[in-house]
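Visitor: This is the structure I want to talk about, given as structure tokens.
The values are calculated or read from the model by the stated rules, or taken from the named source; none is laboratory data. Since this is a predicted model, take the numbers as computed values, not measurements. Ideal geometry is used to build each Cβ from the backbone, glycine not excepted, and the neighbour counts take in all protein chains shown. The accessibility values were calculated without ligands, DNA or RNA, using every heavy atom of the protein model including side chains. Shrake-Rupley method; radii C 1.70, N 1.55, O 1.52, S 1.80 Å.
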Amino acid sequence: IYELDFPPNYFDGFWVSAMLIHVPKQRLKECLGKLVKITRSGGIGYISVMEGRADLEENRPGRFYTLWMQKEFENELRLAGLRVLRHRRVETGHSPWLTYILRVSKENPKE
């Protein structure tokens, strides 16, 4: 996602399932910005992230997981110009997942 090389407004939507969990929090803004840039205004997207307060690292080197609290993640979405259309919290055997259906809004994203 760090190296997406598509023209602006190239896609009508995006699907980012269980991928942003491997992006450190300090790089999320960069990643969301790239998604918004290559998706047309009004486009629809899907994102899922793990819910939680701590970041995790598995026994395998480099296998890092970033967890988000709902309000914290939704604030990042809003700042990036992504409007939440639907949200669902999904319970699993491990950390719960936060799932989002989003609309890209390139005008006044901070409102």
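Visitor: Relative contact order for the chain: what percent, with Cα pairs under 8 Å and sequence separation of 6 or more? Spell out each step's value before the answer.
Guide: Numbers: 213 pairs, mean separation 31.4, N = 111.
That works out to 28 percent.
Visitor: On to the next question. Determine the sum of side-chain charges near PHE14: Lys and Arg each +1, Asp and Glu each -1, restricted to other residues whose C-beta is under 13 angstrom from that of PHE14.
Guide: +3
Visitor: Now a separate question. If you rank GLU91, GLU72 by how much accessible surface each has, with a 1.4 Å probe, what is the order from largest down? Please list the in-between numbers first.
Guide: Values: GLU91 120, GLU72 70 Å².
Ranked from most to least accessible, the order is GLU91, GLU72.
Visitor: Could you do me a favour and compute the accessible area per residue for the chain, 1.4 Å probe, result in Å²?
Guide: Result: 63 Å² per residue.
Visitor: Same structure again: If the reach is capped at under 17 angstrom between alpha carbons, list the aspartates and glutamates near LYS106, excluding any in the same chain fewer than eight residues apart.
Guide: The qualifying aspartates and glutamates are ASP12, GLU30, GLU74, GLU76.
Visitor: Arrange the residues TYR100, TYR2 by how much accessible surface each exposes, largest first, with a 1.4 angstrom probe.
Guide: Descending accessible area places them as TYR2, TYR100.
Visitor: Using a 1.4 angstrom probe on the protein heavy atoms only, line up ARG78, ARG86 by accessible area, largest first.
Guide: ARG86, ARG78
Visitor: Given only helices, namely DSSP H runs of n ≥ 4 each adding -39500 (n - 2.57), what is the per-residue ellipticity at 222 nm of the chain, to the nearest 500 deg cm²/dmol?
Guide: -6000 deg cm²/dmol
Visitor: Quick one: what are the phi-derived ³J(HN,Hα) couplings along segment 77-89, Karplus 6.51/-1.76/1.60 with θ = phi - 60°, whole Hz, x for glycine and proline?
Guide: Taking θ as phi minus 60°, the curve returns 4, 4, 5, 7, x, 10, 9, 6, 8, 9, 9, 9, 9 Hz for segment 77-89.
Visitor: Moving to a separate point now. In a Gaussian network model over the chain where Cα atoms closer than 10 Å are linked, find which of LYS29, LYS71, LYS37 has the largest mean-square fluctuation.
Guide: The residue that fluctuates most here is LYS71.
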